[in-house]
Amino acid sequence: MTPQRILWYFADPMCSWCWGFAPVISAIRDSYADRVKIALMLGGLRPGTTEPMTSEGREEILQHWRDVHRMTGQPFAFEGALPEGFVYDTEPPSRAVIAVGEINAAAVFPYFKSVQEAFYAQGRNVVQADTLADLAVQHNIDKAAFLGRFNSDDIRKKTQTHFQIARQSGVRGFPTVVLQNGTTGTLLTHGYRPFAELQPAIDRWLAQPGPQDE
């Protein structure tokens, strides 16, 4: 099979800079989805965390949130955020995105954004299965069907595969966007950049011969 031209978005639903990047990836999808495949790869920011957050860790993360809010204007619910005892495990929401994708591939990006918005702008605990299931229902996905997939060994394994692919691709932070043309990958951005800065590079990439032309 001929390798495809793909725009890979490496992200985590509990990564604040990815929340800042949400309008950018939406603009990319609005502008280019009819010309190129745009795929989400769950990177795994803090998967498997079991210890509750410390007060020092909370303040460090809130400072990142303030930086993101200042640079991007994205909304944050600072009041009561990251309450005492909160375990910052990014595996469950990542697994939820993959479960949703198995049920309805078209809902992946909208659901991913819903999880981000719930966590950052609404202060909801997206580590909890019930919260993630309620968000799936908002995208016309049956709650029982979602939970069945979410709790399955198959989806757990696929989530770990996403994390492994990100590491093997050399992705160490999020958001990261990689442009794949056949067997060649080109880094578009590592970290937040506005759409206006990325658009010319995407246009140049799309102007190159595709794998089917080689």
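In square angstrom, what is the accessible area per residue of the stretch 100-145 with a 1.4 angstrom probe?
Values: 2050 Å² over 46 residues.
On a per-residue basis, the stretch 100-145 sits at 45 Å².
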(request) Please identify which residues in the stretch 185-202 have an amide N closer than 16 Å to a label point set 7 Å out from the Cα of A33, following the Cα→Cβ vector. (result) none
(message) If packing is taken as the average count of other Cβ atoms within 10 Å, what order do 79-89, 147-157 fall into, highest mean first?
(response) 147-157, 79-89
(request) Starting from the amide H of M41, placed 1.01 Å from N in the peptide plane, find each other amide H under 5 Å away whose residue is 5 or more places distant or on another chain. (result) Y9, F10, A11
(message) Residue by residue through the stretch 175-191, what is 3J(HN,Hα) from phi via Karplus (6.51 cos²θ - 1.76 cosθ + 1.60, θ = phi - 60°)? Round to whole Hz and write x for glycine and proline.
(response) x, 10, 10, 10, 9, 9, 10, x, 9, 9, x, 10, 6, 8, 7, 10, x
(message) Less than 14 Å Cβ to Cβ from A118, Lys/Arg counted +1 and Asp/Glu -1: what total charge do the surrounding residues give?
(response) -1
(request) Compute from the Cα atoms of the stretch 98-170 the Rg and the Dmax, the latter being the longest Cα-Cα distance, and quote both in angstrom. (result) 12.6, 36
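With both partners inside the chain, how many of the DSSP beta bridges are antiparallel, as a percent to the nearest 5? Working shown, then result.
Numbers: 12 of 18 bridges.
Bridges in the chain that DSSP calls antiparallel: roughly 65 percent.
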(request) Kindly provide the helix-only [θ] at 222 nm of the chain, computed as the sum of -39,500 (n - 2.57) over DSSP H runs of four or more divided by all residues, to the nearest 500 deg cm²/dmol? (result) -16000 deg cm²/dmol
(request) Post the alpha-carbon centroid distance, the stretch 36-106 to the stretch 134-177, in whole angstrom. (result) 13
(request) Taking the Cβ of A196 as the centre, find all other residues whose Cβ is under 15 Å away and add up their charges (Lys, Arg: +1; Asp, Glu: -1). (result) -1
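The values are calculated or read from the model by the stated rules, or taken from the named source; none is laboratory data. What you see is a predicted model; the values in this text were computed from it and never measured. Neighbour counts run over all protein chains shown; Cβ positions are idealised from the backbone, glycine included. What goes into the accessible areas is simple: the full protein's heavy atoms, side chains included, and nothing from ligands, DNA or RNA. Shrake-Rupley method; radii C 1.70, N 1.55, O 1.52, S 1.80 Å.
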